[in-house]
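The values are calculated or read from the model by the stated rules, or taken from the named source; none is laboratory data. All figures in this text were calculated on a predicted structure; none of them were measured in a lab. When we count neighbours, we look across all protein chains shown, and the Cβ atoms used for this are built from the backbone with ideal geometry, even at glycine.
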Amino acid sequence: MLNRRHFITAAAAAPLLHVAGSWVPAWAQNAPNFGTPVLPAPGFRRTRVGDAEIIAVIDGIARRPLGEEFVRNAPLAEVKALLSSQGLSTDFVDIPFTPFVAVVGGRRILMDTGLGEFGGPTTGKLMANLQAAGIQAGDIDDVIITHFHGDHINGLRNRAGAFPFTKARVHVPAPEYAFWMDDAKMNAAAAGMKGAFENVRRTFAQMPAAMLQQFVPGSDPVPGISSIAAYGHTPGHTLFQVGSGRNSFTYIGDLTNVPSLFARNPDWAVVFDMDAEAARQTRRDMFARLVQQGGVVGGFHFPFPAFGRMVPNGKGYAFEAIA
């Protein structure tokens with residue numbers, strides 16, 4: 001259950017910045033003195049799963065220092081040892097932001113929207129990369145949202161206040177919407193969390209009623225795409241699946257951040273999880289399910305192209321990218 005302790009932890013470890021009328025995670029800005037992450041070119045990649053086309057479209061990459069706070073329940077030395085064993089830096093972590101487009105039954109469905117115009121200089125590339133893939137913002141028929149953290153929703157509305165996906169219906173998990181739009185929860189939240197609540201209101205409060213559609217996790221928000229409740233990272237965090245079995249694509253959102261850490265050790269808690277214990281159990285359950293079904297997986301913060309398969313690895317799992 002969420003409580004004040006969870007809010008205080010999240011607020012202290014993941015502060016927000018106010019940028020041009022929007023709140024964004026401070027870690028979405030590049031860390032000084034650690035260089036600049038190299039963005040992939042082209043910034044999109046296609047694969048087919050059954051009758052559906054899946055397109056990974058990167059919004060950018062942020063580089064943040066690796067500190068004691070990043071993994072809440074493991075010593076920093078142990079975290080660094082695991083990164084080193086995989087040939088990764090022990091000074092910083094690169095966090096990509098990769099929404100996906102599923103082309104199903106002739107409809108283009110965008111899954112999450114990235115930071116939009118509110119992140120650092122190595123983010124906000126979604127629109128350009130969509131265009132490079134041959135897709136205009138006005139071509140998107142539906143947007144489906146996993147949860148309401150700023151790096152997943154800020155692309156829904158630009159700095160001028162306009163909604164760039166002009167013809168799309170925006171589908172959001174009902175429990176996620178109910179939590180963040182609850183005035184009592186906002187008033188009770190720690191000071192550092194209030195910006196996240198304000199950002200949700202900036203994004204959704206003036207969204208036209210015909211555009212905003214709430215759905216119950218477990219239902220099909222749009223034809224051809226099912227949803228899966230995966231609570232813990234946030235109160236209404238939800239995954240999306242196209243197809244079934246090995247002919248499936250499951251977009252897992254923020255089920256895990258940095259798979260080289262939190263897939264390898266599903267019991268480790270990343271700083272961004274609002275309910276660490278619920279997120280841990282969800283991560284364990286979902287990884288076991290994904291391995292059993294053997295389908296393609298896409299992760300918002302996974303190394304680009306961000307889709308591949310999950311396989312068992314020791315006491316956890318590893319992500320094997322599709323070339």
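Here are a few things to note about the model shown:
- Scanning the stretch 105-131 for residues that are within 22 Å of residue 251 (Cα to Cα), polar (S, T, N, Q) and crowded, with 19+ Cβ neighbours inside 10 Å yields a total of 3.
- Candidates 24, 19, 57, filtered to the one that is surrounded by 15 or more Cβ atoms within 10 Å (Cβ to Cβ), closer than 26 Å to residue 161 by Cα, of a type in the set (A, V, I, L, M, F, W, C) and at pLDDT 95 or above: 57
- In the stretch 132-164, the residues that are of a type outside the set (Ser, Thr, Tyr), surrounded by 23 or more Cβ atoms within 10 Å (Cβ to Cβ) and part of a loop (DSSP other than H, G, I, E, B): 145, 147, 148, 149, 157
- Per the listing 291, 270, the residue uniquely within 21 Å of residue 88 (Cα to Cα) and in contact (Cβ under 8 Å) with a residue 24 or more places away in the chain is 270.
- Top-ranked residue of the stretch 255-265 - restricted to ones that are hydrophobic (A, V, I, L, M, F, W, C) and part of a loop (DSSP other than H, G, I, E, B), ranked as nearest to residue 68 (Cα to Cα): 258
- Criterion applied to 133, 205 was being aliphatic (A, V, I, L, M) and touching a Phe, Trp or Tyr at 6+ places or on another chain (Cβ under 8 Å), and the one residue passing it is 133.
- Taking the conditions (1) touching a residue at least 12 places away in the same chain (Cβ under 8 Å); (2) in a loop (DSSP other than H, G, I, E, B) in turn, residue 110 satisfies each one other than (2).
- Qualifying residues in the stretch 266-275 (those that are assigned to a loop (DSSP other than H, G, I, E, B) and not aromatic (Phe, Trp, Tyr)) - the one modelled with the lowest pLDDT: 271
- Filter result (farther than 25 Å from residue 158 by Cβ, touching a residue at least 24 places away in the same chain (Cβ under 8 Å) and touching a Gly at 6+ places or on another chain (Cβ under 9 Å)) within the stretch 186-228: 217, 223, 224, 227, 228
- Qualifying positions in the stretch 180-223 - at pLDDT 95 or above, crowded, with 17+ Cβ neighbours inside 10 Å, of a type in the set (A, V, I, L, M, F, W, C) and over 26 Å from residue 160 (Cα atoms): 215, 222
- Within the stretch 281-321, the only residue that satisfies the criterion of being in a loop (DSSP other than H, G, I, E, B), more than 18 Å from the chain's Cα centre (by Cα) and surrounded by 15 or more Cβ atoms within 10 Å (Cβ to Cβ) is 295.
- Among residues of the stretch 44-57 that are over 16 Å from residue 300 (Cα atoms), those with a Cβ under 7 angstrom from a residue that is basic (Lys, Arg), sequence gap 6+ or separate chain, pair up as 53/46.
Quick grid of which residues meet (1) at pLDDT below 95; (2) touching a Lys or Arg at 6+ places or on another chain (Cβ under 6 Å); (3) over 19 Å from residue 98 (Cβ atoms):
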| site | (1), (2), (3) |
| --- | --- |
| 225 | no, no, no |
| 232 | no, no, yes |
| 239 | no, no, no |
| 244 | yes, no, yes |
| 248 | no, no, no |
| 277 | no, no, yes |
| 288 | no, no, yes |
| 318 | no, no, no |
| 323 | yes, no, no |
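- Residue in the stretch 245-254 that is in contact (Cβ under 8 Å) with a residue 12 or more places away in the chain, surrounded by fewer than 21 Cβ atoms within 10 Å (Cβ to Cβ) and assigned to a strand (DSSP E or B) present: yes
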